[in-house]
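A quick write-up on the structure given underneath.
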Amino acid sequence: MEFQKMSEKELRDLKAELAEKFEAYKAQGLKLNMARGKPGAEQLALSMKMLDVLNSQSDMQTSDGLDCRNYGGPDGLPEMRELLAQMMGLQAENVLVGGNSSLNLMFDTVSCAMTHGLPGGKPWCLQADRKFLCPAPGYDRHFSVTEYFGFELITVPMLPTGPDMDMVERLVRSDASIKGIWCVPKYSNPTGITYSDETVRRFAALKPAAPDFRIFWDNAYCVHDLTDTPDVLLNLWDECRKNGTEDLPLFFASTSKITFPGAGIAALGASEKNLAVLRNHFRYQTIGPDKLNQMRHLAFLKDMNGVHAQMQKHRALIAPKFEVVEETFAEQLTGKGVAAWSKPNGGYFISVDVLDGCAKRTVALCKEAGVTLTGAGATYPYKKDPNDRNIRVAPTYPPKTEVKAAAELFCLCAQLAACEKLLQNA
(Lines give C-alpha, C1' and ligand atoms only; values in the text may rest on other atoms or scores of the structure.)
Protein backbone atom coordinates (compact mmCIF):
# COMPACT_ATOMS: atom_id res chain seq x y z
CA MET A 1 0.00 0.00 0.00
CA GLU A 2 1.23 3.51 -0.78
CA PHE A 3 2.39 5.32 2.32
CA GLN A 4 0.65 8.51 1.16
CA LYS A 5 -2.72 6.74 1.32
CA MET A 6 -2.30 5.56 4.91
CA SER A 7 -4.09 7.14 7.83
CA GLU A 8 -2.09 8.87 10.54
CA LYS A 9 -2.62 5.90 12.87
CA GLU A 10 -1.43 3.45 10.20
CA LEU A 11 1.66 5.54 9.63
CA ARG A 12 2.44 5.70 13.35
CA ASP A 13 2.04 1.93 13.70
CA LEU A 14 4.26 1.37 10.65
CA LYS A 15 6.87 3.79 11.94
CA ALA A 16 7.05 1.92 15.25
CA GLU A 17 7.49 -1.39 13.40
CA LEU A 18 10.20 0.02 11.14
CA ALA A 19 11.99 1.68 14.06
CA GLU A 20 12.15 -1.65 15.88
CA LYS A 21 13.73 -3.30 12.82
CA PHE A 22 16.13 -0.37 12.52
CA GLU A 23 17.35 -0.83 16.11
CA ALA A 24 17.94 -4.52 15.36
CA TYR A 25 20.16 -3.55 12.42
CA LYS A 26 22.09 -1.08 14.58
CA ALA A 27 22.77 -3.84 17.07
CA GLN A 28 24.54 -5.87 14.38
CA GLY A 29 27.40 -3.33 14.19
CA LEU A 30 27.50 -3.32 10.40
CA LYS A 31 30.31 -1.54 8.53
CA LEU A 32 29.24 -1.55 4.88
CA ASN A 33 30.17 0.92 2.14
CA MET A 34 28.29 1.76 -1.05
CA ALA A 35 29.51 5.36 -1.25
CA ARG A 36 31.67 5.60 -4.38
CA GLY A 37 32.06 3.66 -7.61
CA LYS A 38 35.15 1.70 -6.63
CA PRO A 39 35.96 -1.70 -8.12
CA GLY A 40 35.93 -4.49 -5.58
CA ALA A 41 38.95 -6.58 -4.65
CA GLU A 42 37.94 -9.37 -7.05
CA GLN A 43 37.86 -6.88 -9.90
CA LEU A 44 41.31 -5.56 -9.05
CA ALA A 45 42.59 -9.13 -9.07
CA LEU A 46 41.61 -9.42 -12.74
CA SER A 47 44.53 -7.16 -13.70
CA MET A 48 47.27 -8.54 -11.45
CA LYS A 49 48.95 -10.38 -14.32
CA MET A 50 49.56 -7.02 -15.96
CA LEU A 51 52.26 -6.48 -13.34
CA ASP A 52 54.17 -9.49 -14.71
CA VAL A 53 54.31 -8.54 -18.39
CA LEU A 54 57.37 -6.28 -18.01
CA ASN A 55 60.67 -7.27 -16.43
CA SER A 56 64.37 -6.47 -16.72
CA GLN A 57 64.61 -8.56 -19.90
CA SER A 58 61.73 -6.83 -21.72
CA ASP A 59 62.21 -4.82 -24.90
CA MET A 60 61.53 -1.26 -23.80
CA GLN A 61 61.37 0.27 -27.28
CA THR A 62 58.21 1.16 -29.16
CA SER A 63 57.56 0.46 -32.84
CA ASP A 64 58.92 3.90 -33.71
CA GLY A 65 62.13 3.41 -31.72
CA LEU A 66 61.31 5.37 -28.56
CA ASP A 67 62.94 4.05 -25.38
CA CYS A 68 60.11 3.96 -22.84
CA ARG A 69 62.52 4.18 -19.91
CA ASN A 70 63.55 7.68 -20.90
CA TYR A 71 62.03 11.12 -21.43
CA GLY A 72 59.92 11.88 -24.47
CA GLY A 73 56.72 10.83 -26.15
CA PRO A 74 54.53 13.64 -24.77
CA ASP A 75 51.50 12.49 -26.79
CA GLY A 76 51.81 8.91 -25.56
CA LEU A 77 52.88 5.72 -27.32
CA PRO A 78 51.49 5.41 -30.86
CA GLU A 79 49.98 2.02 -30.07
CA MET A 80 48.32 3.34 -26.92
CA ARG A 81 46.91 6.33 -28.76
CA GLU A 82 45.46 3.98 -31.36
CA LEU A 83 43.87 1.68 -28.76
CA LEU A 84 42.30 4.51 -26.76
CA ALA A 85 41.20 6.25 -29.96
CA GLN A 86 39.27 3.12 -30.92
CA MET A 87 37.72 2.99 -27.45
CA MET A 88 36.69 6.66 -27.70
CA GLY A 89 35.53 6.59 -31.33
CA LEU A 90 38.22 8.98 -32.58
CA GLN A 91 41.33 8.94 -34.77
CA ALA A 92 44.69 8.33 -33.13
CA GLU A 93 46.03 11.70 -34.32
CA ASN A 94 43.28 13.41 -32.30
CA VAL A 95 44.20 11.67 -29.02
CA LEU A 96 46.74 12.51 -26.32
CA VAL A 97 47.54 9.93 -23.66
CA GLY A 98 48.21 11.26 -20.17
CA GLY A 99 48.71 9.81 -16.72
CA ASN A 100 46.37 7.65 -14.68
CA SER A 101 43.51 10.12 -14.21
CA SER A 102 40.99 11.49 -16.71
CA LEU A 103 39.75 13.84 -13.98
CA ASN A 104 43.27 15.27 -13.87
CA LEU A 105 43.11 15.88 -17.63
CA MET A 106 39.74 17.60 -17.25
CA PHE A 107 41.05 19.80 -14.45
CA ASP A 108 44.14 20.71 -16.47
CA THR A 109 42.00 21.52 -19.50
CA VAL A 110 39.83 23.90 -17.48
CA SER A 111 42.99 25.37 -15.95
CA CYS A 112 44.46 25.96 -19.41
CA ALA A 113 41.26 27.65 -20.57
CA MET A 114 41.29 29.82 -17.44
CA THR A 115 44.85 31.10 -17.83
CA HIS A 116 45.50 31.01 -21.57
CA GLY A 117 42.15 30.49 -23.26
CA LEU A 118 40.89 28.08 -25.89
CA PRO A 119 40.65 28.71 -29.64
CA GLY A 120 38.10 31.43 -30.29
CA GLY A 121 38.30 33.25 -26.97
CA LYS A 122 40.50 35.02 -24.46
CA PRO A 123 41.46 33.43 -21.09
CA TRP A 124 38.38 32.55 -19.08
CA CYS A 125 39.82 34.28 -16.03
CA LEU A 126 39.50 37.60 -17.91
CA GLN A 127 35.83 37.00 -18.67
CA ALA A 128 33.30 38.11 -16.07
CA ASP A 129 30.36 36.12 -14.77
CA ARG A 130 31.57 32.77 -16.07
CA LYS A 131 28.96 29.99 -16.04
CA PHE A 132 29.00 26.24 -16.62
CA LEU A 133 26.09 23.91 -17.34
CA CYS A 134 25.73 20.92 -15.03
CA PRO A 135 23.24 18.18 -15.99
CA ALA A 136 21.81 16.82 -12.75
CA PRO A 137 21.65 14.36 -11.19
CA GLY A 138 25.29 14.20 -12.28
CA TYR A 139 28.89 13.59 -11.25
CA ASP A 140 29.92 15.57 -8.19
CA ARG A 141 33.62 15.73 -9.06
CA HIS A 142 32.82 17.40 -12.38
CA PHE A 143 30.82 20.07 -10.62
CA SER A 144 33.57 20.56 -8.05
CA VAL A 145 36.18 21.35 -10.72
CA THR A 146 34.25 24.28 -12.15
CA GLU A 147 33.14 25.39 -8.69
CA TYR A 148 36.81 25.48 -7.67
CA PHE A 149 37.57 27.82 -10.57
CA GLY A 150 34.77 30.16 -9.58
CA PHE A 151 32.12 29.36 -12.19
CA GLU A 152 28.44 29.84 -11.52
CA LEU A 153 26.97 26.37 -11.87
CA ILE A 154 23.66 26.12 -13.69
CA THR A 155 21.59 22.98 -13.19
CA VAL A 156 20.18 21.38 -16.34
CA PRO A 157 17.59 18.65 -15.66
CA MET A 158 18.45 15.16 -16.82
CA LEU A 159 15.74 13.50 -18.91
CA PRO A 160 15.53 9.84 -20.02
CA THR A 161 17.21 10.97 -23.27
CA GLY A 162 20.01 12.98 -21.63
CA PRO A 163 20.23 16.65 -20.63
CA ASP A 164 17.22 18.84 -21.39
CA MET A 165 18.42 19.98 -24.81
CA ASP A 166 15.73 22.64 -25.20
CA MET A 167 17.22 24.33 -22.15
CA VAL A 168 20.81 23.73 -23.25
CA GLU A 169 20.22 25.18 -26.71
CA ARG A 170 18.37 28.20 -25.35
CA LEU A 171 21.02 29.02 -22.76
CA VAL A 172 24.15 28.60 -24.87
CA ARG A 173 22.60 30.45 -27.81
CA SER A 174 21.73 33.48 -25.69
CA ASP A 175 24.50 33.76 -23.09
CA ALA A 176 28.16 34.13 -24.06
CA SER A 177 29.24 33.83 -20.43
CA ILE A 178 28.35 30.10 -20.52
CA LYS A 179 31.65 28.37 -21.27
CA GLY A 180 30.84 24.68 -21.21
CA ILE A 181 28.77 21.71 -20.15
CA TRP A 182 29.71 18.52 -18.31
CA CYS A 183 28.52 15.27 -19.91
CA VAL A 184 28.76 11.57 -19.05
CA PRO A 185 27.04 10.37 -22.21
CA LYS A 186 26.95 6.60 -21.75
CA TYR A 187 25.59 5.07 -18.53
CA SER A 188 25.55 8.51 -16.93
CA ASN A 189 26.70 8.93 -13.36
CA PRO A 190 24.43 8.32 -11.46
CA THR A 191 21.26 7.76 -13.51
CA GLY A 192 22.73 5.13 -15.84
CA ILE A 193 20.99 6.57 -18.91
CA THR A 194 22.68 6.82 -22.31
CA TYR A 195 22.13 9.93 -24.41
CA SER A 196 19.74 9.38 -27.31
CA ASP A 197 20.82 9.78 -30.94
CA GLU A 198 18.78 12.98 -31.14
CA THR A 199 20.52 14.40 -28.06
CA VAL A 200 23.97 13.67 -29.54
CA ARG A 201 22.98 15.26 -32.86
CA ARG A 202 21.67 18.34 -31.07
CA PHE A 203 24.96 18.66 -29.18
CA ALA A 204 26.87 18.49 -32.47
CA ALA A 205 24.61 21.19 -33.94
CA LEU A 206 24.89 23.65 -31.03
CA LYS A 207 25.43 27.28 -31.96
CA PRO A 208 26.87 28.84 -28.79
CA ALA A 209 27.06 32.58 -28.31
CA ALA A 210 30.52 31.99 -26.80
CA PRO A 211 33.10 30.99 -29.46
CA ASP A 212 35.11 29.25 -26.72
CA PHE A 213 32.19 27.16 -25.41
CA ARG A 214 33.18 23.49 -25.03
CA ILE A 215 31.36 20.20 -24.45
CA PHE A 216 33.28 18.17 -21.85
CA TRP A 217 32.40 14.65 -23.05
CA ASP A 218 33.56 12.31 -20.28
CA ASN A 219 32.85 8.87 -21.72
CA ALA A 220 33.99 7.12 -18.54
CA TYR A 221 31.78 4.05 -19.01
CA CYS A 222 32.06 3.57 -22.78
CA VAL A 223 32.86 -0.17 -22.49
CA HIS A 224 31.22 -0.86 -19.13
CA ASP A 225 28.22 -2.93 -20.22
CA LEU A 226 26.28 -5.15 -17.81
CA THR A 227 23.80 -6.89 -20.12
CA ASP A 228 23.57 -8.77 -23.41
CA THR A 229 21.70 -5.78 -24.86
CA PRO A 230 24.07 -2.87 -24.11
CA ASP A 231 23.21 0.73 -24.89
CA VAL A 232 24.71 2.18 -28.06
CA LEU A 233 25.91 5.78 -28.01
CA LEU A 234 25.99 7.73 -31.26
CA ASN A 235 29.50 8.98 -32.08
CA LEU A 236 29.63 12.71 -31.26
CA TRP A 237 32.91 13.20 -33.13
CA ASP A 238 31.41 11.91 -36.37
CA GLU A 239 28.34 14.12 -35.91
CA CYS A 240 30.48 17.19 -35.23
CA ARG A 241 32.50 16.59 -38.38
CA LYS A 242 29.26 16.47 -40.35
CA ASN A 243 28.30 19.84 -38.86
CA GLY A 244 31.73 21.46 -39.07
CA THR A 245 31.77 21.83 -35.26
CA GLU A 246 34.87 19.76 -34.48
CA ASP A 247 36.15 22.38 -32.03
CA LEU A 248 33.08 22.03 -29.77
CA PRO A 249 33.79 18.71 -28.00
CA LEU A 250 36.61 17.65 -25.70
CA PHE A 251 36.65 13.88 -25.15
CA PHE A 252 37.92 12.08 -22.05
CA ALA A 253 38.23 8.41 -21.09
CA SER A 254 40.46 6.12 -19.07
CA THR A 255 41.16 2.53 -18.14
CA SER A 256 40.51 3.29 -14.46
CA LYS A 257 37.73 0.71 -14.14
CA ILE A 258 39.23 -1.60 -16.76
CA THR A 259 42.57 -2.24 -15.04
CA PHE A 260 43.66 -0.38 -11.89
CA PRO A 261 41.89 2.86 -10.83
CA GLY A 262 45.08 4.16 -9.21
CA ALA A 263 47.39 3.10 -12.04
CA GLY A 264 45.42 3.22 -15.25
CA ILE A 265 45.77 5.21 -18.47
CA ALA A 266 43.80 8.37 -19.25
CA ALA A 267 43.27 10.03 -22.60
CA LEU A 268 42.08 13.32 -24.07
CA GLY A 269 40.64 13.65 -27.56
CA ALA A 270 40.02 16.89 -29.45
CA SER A 271 40.29 18.77 -32.72
CA GLU A 272 43.64 19.85 -34.09
CA LYS A 273 43.04 23.45 -32.99
CA ASN A 274 42.19 22.45 -29.43
CA LEU A 275 45.10 19.99 -29.23
CA ALA A 276 47.60 22.63 -30.35
CA VAL A 277 46.66 24.82 -27.38
CA LEU A 278 46.53 21.94 -24.91
CA ARG A 279 49.84 20.43 -26.05
CA ASN A 280 51.52 23.76 -25.43
CA HIS A 281 49.94 23.90 -21.96
CA PHE A 282 50.92 20.35 -21.03
CA ARG A 283 54.55 20.67 -22.19
CA TYR A 284 55.27 22.95 -19.26
CA GLN A 285 54.05 20.28 -16.84
CA THR A 286 55.81 17.16 -18.09
CA ILE A 287 58.37 15.91 -20.58
CA GLY A 288 56.30 12.78 -21.07
CA PRO A 289 53.80 10.45 -19.38
CA ASP A 290 54.52 7.09 -17.76
CA LYS A 291 55.36 5.09 -20.88
CA LEU A 292 56.20 1.91 -18.98
CA ASN A 293 52.65 1.84 -17.66
CA GLN A 294 51.41 2.28 -21.20
CA MET A 295 53.60 -0.66 -22.30
CA ARG A 296 52.16 -2.79 -19.51
CA HIS A 297 48.64 -1.98 -20.61
CA LEU A 298 49.38 -2.71 -24.26
CA ALA A 299 51.00 -6.04 -23.45
CA PHE A 300 48.09 -6.99 -21.19
CA LEU A 301 45.07 -5.73 -23.14
CA LYS A 302 46.64 -5.91 -26.62
CA ASP A 303 43.67 -4.53 -28.58
CA MET A 304 39.95 -3.78 -28.37
CA ASN A 305 39.16 -7.48 -28.34
CA GLY A 306 41.29 -7.70 -25.22
CA VAL A 307 39.48 -4.73 -23.69
CA HIS A 308 36.09 -6.32 -24.31
CA ALA A 309 37.29 -9.66 -22.92
CA GLN A 310 38.49 -7.90 -19.76
CA MET A 311 35.14 -6.12 -19.41
CA GLN A 312 33.26 -9.41 -19.69
CA LYS A 313 35.20 -10.58 -16.63
CA HIS A 314 34.23 -7.39 -14.77
CA ARG A 315 30.61 -7.89 -15.79
CA ALA A 316 30.60 -11.43 -14.38
CA LEU A 317 31.60 -10.01 -11.00
CA ILE A 318 29.47 -6.87 -10.73
CA ALA A 319 26.28 -7.61 -12.70
CA PRO A 320 25.08 -9.99 -9.93
CA LYS A 321 25.55 -7.18 -7.39
CA PHE A 322 23.35 -4.86 -9.44
CA GLU A 323 20.78 -7.63 -9.72
CA VAL A 324 20.76 -8.10 -5.94
CA VAL A 325 20.12 -4.39 -5.35
CA GLU A 326 17.41 -4.18 -8.00
CA GLU A 327 15.68 -7.34 -6.76
CA THR A 328 15.80 -6.12 -3.17
CA PHE A 329 14.40 -2.72 -4.12
CA ALA A 330 11.64 -4.33 -6.18
CA GLU A 331 10.71 -6.71 -3.37
CA GLN A 332 10.70 -4.17 -0.55
CA LEU A 333 9.79 -0.84 -2.16
CA THR A 334 7.44 -1.58 -5.06
CA GLY A 335 3.97 -0.12 -4.66
CA LYS A 336 4.78 1.93 -1.56
CA GLY A 337 5.28 5.29 -3.26
CA VAL A 338 8.47 6.04 -1.35
CA ALA A 339 11.19 5.42 -3.96
CA ALA A 340 11.93 5.03 -7.67
CA TRP A 341 15.22 3.72 -9.01
CA SER A 342 17.13 3.32 -12.26
CA LYS A 343 17.79 -0.03 -13.92
CA PRO A 344 20.95 0.67 -15.92
CA ASN A 345 22.41 -1.52 -18.66
CA GLY A 346 25.91 -0.56 -17.60
CA GLY A 347 28.10 1.77 -15.62
CA TYR A 348 28.68 1.79 -11.87
CA PHE A 349 25.62 3.28 -10.20
CA ILE A 350 21.95 2.99 -9.40
CA SER A 351 20.15 6.29 -8.94
CA VAL A 352 17.37 6.34 -6.35
CA ASP A 353 14.77 9.06 -5.88
CA VAL A 354 13.20 8.74 -2.44
CA LEU A 355 10.21 10.72 -1.20
CA ASP A 356 10.82 14.47 -1.53
CA GLY A 357 12.56 15.83 1.54
CA CYS A 358 13.85 12.40 2.62
CA ALA A 359 17.26 11.88 0.98
CA LYS A 360 19.38 13.44 3.75
CA ARG A 361 17.43 11.61 6.42
CA THR A 362 17.71 8.29 4.57
CA VAL A 363 21.47 8.65 4.19
CA ALA A 364 21.83 9.67 7.85
CA LEU A 365 19.80 6.66 9.02
CA CYS A 366 21.90 4.32 6.88
CA LYS A 367 25.09 5.75 8.33
CA GLU A 368 23.74 5.40 11.87
CA ALA A 369 23.10 1.72 11.22
CA GLY A 370 26.45 1.06 9.54
CA VAL A 371 26.02 1.66 5.78
CA THR A 372 27.95 4.53 4.20
CA LEU A 373 26.44 6.17 1.11
CA THR A 374 27.44 9.16 -1.00
CA GLY A 375 26.13 12.26 0.74
CA ALA A 376 22.64 13.37 -0.19
CA GLY A 377 22.80 16.31 -2.57
CA ALA A 378 26.17 15.28 -4.04
CA THR A 379 24.65 14.67 -7.47
CA TYR A 380 23.67 18.35 -7.80
CA PRO A 381 25.74 21.52 -8.16
CA TYR A 382 26.90 22.93 -4.82
CA LYS A 383 25.64 19.64 -3.28
CA LYS A 384 22.15 21.14 -3.08
CA ASP A 385 19.40 18.86 -4.31
CA PRO A 386 16.39 21.22 -4.55
CA ASN A 387 14.00 18.38 -3.72
CA ASP A 388 16.26 16.48 -1.30
CA ARG A 389 15.38 13.20 -2.98
CA ASN A 390 18.28 11.80 -5.07
CA ILE A 391 20.72 9.23 -3.68
CA ARG A 392 23.52 7.54 -5.63
CA VAL A 393 24.03 3.87 -4.78
CA ALA A 394 27.29 2.16 -5.78
CA PRO A 395 27.04 -1.64 -5.51
CA THR A 396 30.44 -2.58 -6.97
CA TYR A 397 32.83 -2.38 -4.02
CA PRO A 398 31.37 -4.59 -1.27
CA PRO A 399 31.18 -8.39 -1.55
CA LYS A 400 27.83 -9.68 -2.84
CA THR A 401 26.66 -10.79 0.61
CA GLU A 402 27.28 -7.31 2.00
CA VAL A 403 25.50 -5.73 -0.97
CA LYS A 404 22.35 -7.64 -0.05
CA ALA A 405 22.48 -6.50 3.57
CA ALA A 406 23.19 -2.90 2.57
CA ALA A 407 20.31 -2.86 0.07
CA GLU A 408 17.89 -4.23 2.67
CA LEU A 409 18.94 -1.62 5.20
CA PHE A 410 18.62 1.11 2.57
CA CYS A 411 15.03 0.05 1.91
CA LEU A 412 14.25 0.10 5.61
CA CYS A 413 15.77 3.57 6.06
CA ALA A 414 13.98 4.99 3.00
CA GLN A 415 10.66 3.76 4.40
CA LEU A 416 11.37 5.01 7.91
CA ALA A 417 12.37 8.45 6.58
CA ALA A 418 9.19 8.56 4.48
CA CYS A 419 7.03 7.69 7.50
CA GLU A 420 8.66 10.43 9.54
CA LYS A 421 8.16 12.97 6.73
CA LEU A 422 4.51 12.11 6.15
CA LEU A 423 3.73 12.23 9.86
CA GLN A 424 5.52 15.56 10.11
CA ASN A 425 3.32 16.90 7.30
CA ALA A 426 0.12 15.35 8.64
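The values are calculated or read from the model by the stated rules, or taken from the named source; none is laboratory data. Keep in mind that this is a model prediction, so the values were computed, not measured. Because the Cβ atoms are built from the backbone with ideal geometry, glycine has one as well, and the counts that use them run over all protein chains shown. All accessible areas refer to the heavy atoms of the entire protein, side chains included, with ligands and DNA or RNA removed. Shrake-Rupley method; radii C 1.70, N 1.55, O 1.52, S 1.80 Å.
If the Cβ limit is 8 Å and pairs must be 6+ apart or interchain, which residue in the stretch 309-326 that is at pLDDT 95 or above pairs with which residue that is of a type in the set (A, V, I, L, M) and part of a helix (DSSP H, G or I)?
Matching pairs, first to second residue: 310/301; 321/403; 324/403; 324/407; 325/403; 325/407.
So which residues in the stretch 228-244 are more than 11 Å from residue 201 (Cβ to Cβ) and either assigned to a loop (DSSP other than H, G, I, E, B) or touching a residue at least 24 places away in the same chain (Cβ under 8 Å) (or both), if there are any at all?
If the condition is that a residue be more than 11 Å from residue 201 (Cβ to Cβ) and either assigned to a loop (DSSP other than H, G, I, E, B) or touching a residue at least 24 places away in the same chain (Cβ under 8 Å) (or both), then 228, 229, 230, 231, 232, 233, 237, 244 are the ones that fit.
In the stretch 273-331, how many residues are surrounded by 16 or more Cβ atoms within 10 Å (Cβ to Cβ) and among the hydroxyl-bearing types (Ser, Thr, Tyr)?
1
Please specify each residue of the stretch 18-48 satisfying the condition of being in contact with a Phe, Trp or Tyr (Cβ under 8 Å, 6 or more places away or on another chain), open to solvent by less than 80 Å² (accessible area, probe 1.4 Å) and of a type in the set (Lys, Arg).
36
If the Cβ limit is 6 Å and pairs must be 6+ apart or interchain, which residue in the stretch 413-426 that is under 19 Å from residue 370 (Cα atoms) and part of a helix (DSSP H, G or I) pairs with which residue that is aromatic (Phe, Trp, Tyr) and open to solvent by 40 Å² or more (accessible area, probe 1.4 Å)?
Final answer for the pair search is none.
Among the residues of the stretch 380-394, what is the count of those that are open to solvent by less than 20 Å² (accessible area, probe 1.4 Å) and in a loop (DSSP other than H, G, I, E, B)?
Matching residues across the stretch 380-394 total 1.
Every residue, every condition in (1) of a type in the set (A, V, I, L, M, F, W, C); (2) in a helix (DSSP H, G or I), yes or no:
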position: 4; (1), (2): no, yes
position: 13; (1), (2): no, yes
position: 19; (1), (2): yes, yes
position: 49; (1), (2): no, yes
position: 54; (1), (2): yes, no
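Considering each of 424, 415 in turn, give the residue that is more than 24 Å from the chain's Cα centre (by Cα), among the polar types (S, T, N, Q) and closer than 20 Å to residue 28 by Cα.
Exactly one of 424, 415 is more than 24 Å from the chain's Cα centre (by Cα), among the polar types (S, T, N, Q) and closer than 20 Å to residue 28 by Cα, namely 415.
Return the residues of the stretch 216-250 that are more than 20 Å from the chain's Cα centre (by Cα) and of a type in the set (D, E, K, R); say none if nothing qualifies.
228, 238, 239, 241, 242, 246, 247
Under the condition of being in contact (Cβ under 8 Å) with a residue 40 or more places away in the chain, among the aliphatic types (A, V, I, L, M) and farther than 26 Å from residue 160 by Cβ, which residue from the stretch 344-379 is surrounded by the most Cβ atoms within 10 Å (Cβ to Cβ)?
This residue is 371.
Name the residue, out of 67, 52, that is under 32 Å from the mean Cα position of the chain (by Cα), surrounded by fewer than 15 Cβ atoms within 10 Å (Cβ to Cβ) and more than 22 Å from residue 324 (Cα to Cα).
After applying the criteria, what remains is 52.
Just to check your reading of the model, which residue among 91, 86 is among the polar types (S, T, N, Q), closer than 22 Å to residue 256 by Cα, free of Cβ contacts under 8 Å to residues at least 60 places away in the same chain and touching a helix residue (DSSP H, G or I) at 6+ places or on another chain (Cβ under 9 Å)?
Among 91, 86, only 91 is among the polar types (S, T, N, Q), closer than 22 Å to residue 256 by Cα, free of Cβ contacts under 8 Å to residues at least 60 places away in the same chain and touching a helix residue (DSSP H, G or I) at 6+ places or on another chain (Cβ under 9 Å).
Between a residue in the stretch 204-215 that is more than 16 Å from residue 239 (Cα to Cα) and any residue that is in a loop (DSSP other than H, G, I, E, B) and of a type in the set (A, V, I, L, M), which pairs come within a Cβ distance under 6 Å, given they are 6 or more apart or on different chains?
Within 6 Å, the pairs are 209/176; 210/176; 212/118.
Report whether or not residue 300 is in contact with a strand residue (DSSP E or B) (Cβ under 7 Å, 6 or more places away or on another chain) and assigned to a helix (DSSP H, G or I).
Taking the combined requirement at face value, the residue does not satisfy it.
Return the residue satisfying two criteria in turn: it lies in the stretch 395-416 and is buried (at least 24 other Cβ atoms within 10 Å of the Cβ), among the small types (Gly, Ala, Ser) and touching a strand residue (DSSP E or B) at 6+ places or on another chain (Cβ under 7 Å), and of such residues it is modelled with the lowest pLDDT.
Among residues in the stretch 395-416 that are buried (at least 24 other Cβ atoms within 10 Å of the Cβ), among the small types (Gly, Ala, Ser) and touching a strand residue (DSSP E or B) at 6+ places or on another chain (Cβ under 7 Å), the one modelled with the lowest pLDDT is 406.
Need at least 1 residues that are open to solvent by 20 Å² or more (accessible area, probe 1.4 Å), of a type in the set (A, V, I, L, M, F, W, C) and farther than 17 Å from residue 351 by Cα per element, so show me which helices (runs of 4 or more DSSP H) inside the stretch 100-203 make the cut, counting only ones lying wholly within it.
Here the list reads 102-115, 165-174.
Given 100, 94, 70, which one is touching a strand residue (DSSP E or B) at 6+ places or on another chain (Cβ under 7 Å) and at pLDDT below 95?
Answer to the selection: 100.
May I ask you to verify whether residue 294 is in contact with a helix residue (DSSP H, G or I) (Cβ under 9 Å, 6 or more places away or on another chain) and either modelled with pLDDT under 95 or under 19 Å from residue 186 (Cβ atoms) (or both)?
Considered against the rule, which asks whether it is in contact with a helix residue (DSSP H, G or I) (Cβ under 9 Å, 6 or more places away or on another chain) and either modelled with pLDDT under 95 or under 19 Å from residue 186 (Cβ atoms) (or both), residue 294 comes out as no.
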